[in-house]
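Peer 1: A single structure is presented below for examination.
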Amino acid sequence: MKQQIFIITLLTIVIKLNSVGQIKFDYTGAELVINYFTDTLNKNEQKIIKHPGYQHILLHSQKFSSQPLTEKNLLNSLKGKDDGFDFSGVKERSDTLKQIIQLLKNNEQEIRNEFVNLPLYFLPEDYKQIATIYFVIGGYDGIAFDEKICVNIDFKQFRDNFNEIKLYIAHELFHIGFEKYQELPDIFRIKTVKELKTIVLAMTMNEGLATLTPYHKRISTNELSDFDYKTLLDSSALSTKINQFNSVLKYLDENSDKEITNEILGNVLGQCSGDRLFYIVGCYMGLKIESKFGKDKISELVKETPELFFETYKQIE
């Protein structure tokens, strides 16, 4: 009997390690930047530029930005120019940033136990979670692809509320999992509005479900100051976003044969990303599907197409 209990316990540990034990935390990028701005005798820009976290930011920008950041932008920013990486005030906030790093280190086990697990709730059972989380300063607030995540600890929302970092980690980890089943869209290869609609559907599903990932945790802990979640809980504001999104889809359908222009891209992606439609409306769709069919349905849909995700939602409307 004791041997059976030991085997069961061992298997439980192995399963947990298999799902969440492959998450690595790397604080060195943020620490290098803090030291750079506070230690006048140690100005090694190349150490920062070649750091894997900053290289990942640059690679993300090359893949997904129409105006990609380069090593030169990073170097100029380190030298005090406003050139894509915001390091203004890092020296003055160094004590706060050091405290955030120490809080992350002190709470690492809690983050693993409570927040790293959250994406697994909506991802397929066969998913094996592997990722490195780089805590950095400057660049984008949070990015995730190719089993690597960069989290900018100097993002004001994180400085104001440490719990937001934990919740954003869950959000970004979902993206890492989603990427295993869905190819990330290449916005620069599309030629027609019809192809743009395919990307809009894919990004609405991806960003929406990533926003859904920490939703229930936010509700239970009353961490609802983030704009997306305040909107989701405000029926009038949510209705406005849904109507706006439907107008975007209508435009895409009515102009499907048109060739892509910068004006069309700016209009569509400006609304979907800038006005947070990807996140808010996509999360709402996920919530409706979860409520009607259960969380396992979402796990199934992650393996299917974004079109099927939308069709499943339409069944509920």
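The values are calculated or read from the model by the stated rules, or taken from the named source; none is laboratory data. Note that the structure is a prediction, hence the values are computed from the model and not measured. Here the Cβ positions follow ideal geometry from the backbone for every residue, glycine too, while neighbour counts run over all protein chains shown. SASA here: full protein model, heavy atoms, side chains in, ligands and nucleic acids out. Shrake-Rupley method; radii C 1.70, N 1.55, O 1.52, S 1.80 Å.
Peer 1: Restricting to bridges with both residues inside the chain, how much of the DSSP beta-bridge set is antiparallel, in percent to the nearest 5?
Peer 2: Given both bridge residues lie in the chain, the antiparallel proportion sits at roughly 35 percent.
Peer 1: Give me the percent relative contact order of region 175-260, please, defined on Cα pairs under 8 angstrom at least 6 residues apart.
Peer 2: Relative contact order comes out at 53 percent.
Peer 1: Rounded to the nearest 0.05, what FRET efficiency do K194 and T240 give with R0 = 41 Å and r taken as the Cβ-Cβ distance? Could you check?
Peer 2: My answer for the efficiency is 0.95.
Peer 1: Can you give the helix-only mean residue ellipticity at 222 nm for the chain, where every DSSP H stretch with n ≥ 4 adds -39500 (n - 2.57) and the sum goes over all residues, rounded to the nearest 500 deg cm²/dmol?
Peer 2: -18000 deg cm²/dmol
Peer 1: Ignoring everything but the protein chains, give the 1.4 Å probe accessible area of H60 in square angstrom, nearest 10.
Peer 2: 40
Peer 1: Ok, one more. Once amide H atoms are built 1.01 Å from N in the peptide plane, which residues 5 or more positions from D86, or in another chain, come under 5 Å H to H?
Peer 2: G139
Peer 1: Any idea what the dipole of the chain comes to, in debye rounded to 20, about its Cα centre with Lys/Arg Cβ at +1 and Asp/Glu Cβ at -1?
Peer 2: Result for the chain is approximately 580 debye, rounded to the nearest 20.
Peer 1: Oh, and also: Just list whichever of K166/K288; K63/K148; K81/K148; K24/K63 have alpha carbons separated by over 21 Å in the model shown.
Peer 2: Long pairs (Cα-Cα over 21 Å): K166/K288; K81/K148; K24/K63.
Peer 1: At a Cα cut-off below 18 Å, give the lysines reachable from K303, other chains included and same-chain residues fewer than 8 away excluded.
Peer 2: By straight Cα distance, K303 reaches K128, K180, K295.
Peer 1: For the chain, with all protein chains present and a 1.4 Å probe, just round the carbon and sulfur fraction of the accessible area to a whole percent.
Peer 2: Of all accessible area on the chain, carbon and sulfur atoms account for 49 percent.
Peer 1: Now, a different point. Looking at region 73-133 from every direction and averaging, what is the projected area of its Cα convex hull in nm²?
Peer 2: The Cα convex hull of region 73-133, projected and averaged over all directions, gives 6.4 nm².
Peer 1: Using a 1.4 Å probe, what is the accessible area per residue for the chain, in Å²?
Peer 2: 51
Peer 1: How big is the convex hull of the Cα atoms of the chain, per residue, in Å³?
Peer 2: 153
Peer 1: Label region 8-158 by shape, choosing from rounded, prolate and oblate, from the square roots a ≥ b ≥ c of the eigenvalues of the Cα gyration tensor; if a/c is under 1.5 it is rounded, and otherwise prolate applies when a/b is larger than b/c, oblate when it is not.
Peer 2: prolate
Peer 1: Something else: Out of all DSSP beta bridges with both ends in region 122-241, state the antiparallel percent to the nearest 5.
Peer 2: Of the beta bridges lying entirely in region 122-241, close to 45 percent run antiparallel.
Peer 1: Compute the relative contact order of the chain as a whole-number percentage, counting only Cα pairs closer than 8 Å that sit 6 or more residues apart in sequence.
Peer 2: Computed over the chain, the figure is 18 percent.
Peer 1: Round to the nearest 0.05 the FRET efficiency obtained for K105 and Q315 when R0 = 41 Å and r is the Cβ-Cβ distance.
Peer 2: For R0 = 41 Å, the calculated efficiency reads 0.35.
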